[in-house]
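J.: My structure is below; once you've seen it, I'll send some questions.
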Amino acid sequence: MAILPLTEAVAGSAAIIASRAGLTFNDSLVHLAPLCAVLTVVLLALCRVLFARAFVYDEKRAAELMELREREAITDPRRLAQGLGVLALVVAGFVLHPVLHYEPSVVALLGAGLLIAISKVETGEVLGEVEWPTLAFFAGLFVMVGALIETGVIGTLAGSLADAIGGDELGGSMLLLGGSAVLSGIVDNIPYVATMAPITSQLVTDMGGDPDHVLWWALALGADLGGNATAIGASANVVVLGIAEHNRQPISFWQFTRYGLVVAAVTIAVSPLYLWLRYFAFA
């Protein structure tokens, strides 16, 4: 689950928001990292409750785990070092965006190209790891969502949400948070944010707000956290389901939704308090 918006600070819906609002990776760190830390604790507590049966101590299994040697899982130390090195460079590129002025997408592509060049991975090996069923699912999903956009369904919903917000910053941010959460659970959060970003930009302009206005963070939180509700709510969810299927541990849509709805509801319930404290209580 894409439980932490911070993890999507340079990809997916958050990248769309950053591009539209002129925000940087560092802005996401400053505004979302505190809440992400809180939500991590909340998620761990939820896991302890939702998956209580999995926490039952099994002496035999524990003994088998203790016999494992973690270093044996590293079959290619050189490639691991290369991957970690490139990852560090990519993160540094994200953080140094105000200085380098390279878009996150360019930094990520440069990192991917560098890793392919230095690791000398065979093309067939890489293609064999691609989740082709997942890509096919995304193709169909975006075709359907694209049809909703072209027919005006999503635009109408987003416009209605914007009309309801008006010029009320506090009420508007809470409505945008909740509305985005609901809509992102129904359709993938990326096309939803792509539709809602121009509307949010106009709302921020009308309110005379700064680029890092609270409405942008309400949209990001609502879309990312609401996307946890269903398997199709976020791209990360679909990828995880594909990996689970590949490893013979299939997760059905309803099985995911049963837990996802709880996680989405609880984390979204925590977010309004953070937005109020951060942007309104001491303003």
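The values are calculated or read from the model by the stated rules, or taken from the named source; none is laboratory data. Everything numeric here is computed off the predicted structure, so don't read it as measured data. Cβ: placed from backbone, ideal geometry, glycine included. Neighbour counts: every protein chain shown. The protein model used for the area step is the full one, side chains on, heavy atoms only, and it has no ligands, DNA or RNA in it. Shrake-Rupley method; radii C 1.70, N 1.55, O 1.52, S 1.80 Å.
J.: On the basis of being under 20 Å from the mean Cα position of the chain (by Cα), open to solvent by 40 Å² or more (accessible area, probe 1.4 Å) and either at pLDDT 90 or above or not aromatic (F, W, Y) (or both), does V214 make the cut?
T.: No.
J.: Hey, among the residues in the range 223-263 that are part of a loop (DSSP other than H, G, I, E, B) and in contact (Cβ under 8 Å) with a residue 24 or more places away in the chain, which one's surrounded by the most Cβ atoms within 10 Å (Cβ to Cβ)?
T.: This residue is G227.
J.: Could you tell me whether any residue of the range 52-62 is in a helix (DSSP H, G or I), of a type in the set (D, E) and surrounded by 10 or more Cβ atoms within 10 Å (Cβ to Cβ)?
T.: No, there is no match, as no residue in the range 52-62 is in a helix (DSSP H, G or I), of a type in the set (D, E) and surrounded by 10 or more Cβ atoms within 10 Å (Cβ to Cβ).
J.: Let me ask another. Which one is modelled with the lowest pLDDT, of the residues in the range 222-258 that are among the hydroxyl-bearing types (S, T, Y) and farther than 25 Å from M174 by Cβ?
T.: Here the residue is S235.
J.: Continuing with this model, one more query. Does the range 24-32 contain at least one residue that is within 24 Å of I243 (Cβ to Cβ) and modelled with pLDDT under 90?
T.: no
J.: Just name the residue that is surrounded by the most Cβ atoms within 10 Å (Cβ to Cβ) out of those in the range 102-131 that are at pLDDT below 75 and assigned to a helix (DSSP H, G or I).
T.: The residue in question is V126.
J.: While we're here: Does T40 satisfy the criteria of being of a type in the set (V, I, T), under 26 Å from H97 (Cβ atoms) and modelled with pLDDT under 80?
T.: no
J.: Shifting gears a bit: Looking only at the range 160-177, which residues are under 20 Å from the mean Cα position of the chain (by Cα) and open to solvent by less than 30 Å² (accessible area, probe 1.4 Å)?
T.: Result: S173, L176, L177.
J.: Answer yes or no as to whether I268 is surrounded by 19 or more Cβ atoms within 10 Å (Cβ to Cβ), among the aliphatic types (A, V, I, L, M) and in contact with a Gly (Cβ under 7 Å, 6 or more places away or on another chain). Don't jump to the end; show me each part of the working.
T.: Values: surrounded by 19 or more Cβ atoms within 10 Å (Cβ to Cβ): yes; among the aliphatic types (A, V, I, L, M): yes; in contact with a Gly (Cβ under 7 Å, 6 or more places away or on another chain): yes.
Against the criterion (surrounded by 19 or more Cβ atoms within 10 Å (Cβ to Cβ), among the aliphatic types (A, V, I, L, M) and in contact with a Gly (Cβ under 7 Å, 6 or more places away or on another chain)), I268 qualifies.
J.: Say we look at the range 73-101 and pick out the residues that are among the β-branched types (V, I, T) and more than 26 Å from the chain's Cα centre (by Cα); which of these is most open to solvent (accessible area, probe 1.4 Å)?
T.: T75
J.: Testing A220 on (1) surrounded by fewer than 20 Cβ atoms within 10 Å (Cβ to Cβ); (2) part of a helix (DSSP H, G or I), one condition comes back false. Which one is that?
T.: (1)
J.: Also, I was wondering about something else. So which residues in the range 132-144 are at pLDDT 70 or above, closer than 12 Å to V187 by Cβ and open to solvent by less than 70 Å² (accessible area, probe 1.4 Å), if there are any at all?
T.: Of everything in the range 132-144, nothing turns out to be at pLDDT 70 or above, closer than 12 Å to V187 by Cβ and open to solvent by less than 70 Å² (accessible area, probe 1.4 Å).
J.: Let me ask you something else. One residue is enough: does the range 183-201 have a residue meeting the conditions modelled with pLDDT of 90 or more and either more than 30 Å from G128 (Cα to Cα) or surrounded by fewer than 23 Cβ atoms within 10 Å (Cβ to Cβ) (or both)? Please lay out each step first, then the result.
T.: Filtering the range 183-201 for residues modelled with pLDDT of 90 or more gives none.
No, the conditions are met nowhere in the range 183-201.
J.: Please identify the pairs in which a residue from the range 266-283 that is in a helix (DSSP H, G or I) has its Cβ atom under 7 Å from the Cβ atom of a residue that is β-branched (V, I, T) and open to solvent by less than 40 Å² (accessible area, probe 1.4 Å), counting only partners at least 6 apart or on another chain.
T.: V266/V42; T267/I3; T267/V42; V270/V42; L275/V214; Y279/V214
J.: Can you pull out every residue in the range 29-72 that is under 28 Å from the mean Cα position of the chain (by Cα) and farther than 30 Å from W276 by Cα?
T.: Hits for the range 29-72 are F51, A52, R53, A54, F55.
J.: Across the range 10-23, what is the number of residues that are in a loop (DSSP other than H, G, I, E, B), of a type in the set (A, V, I, L, M) and at pLDDT 75 or above?
T.: 1
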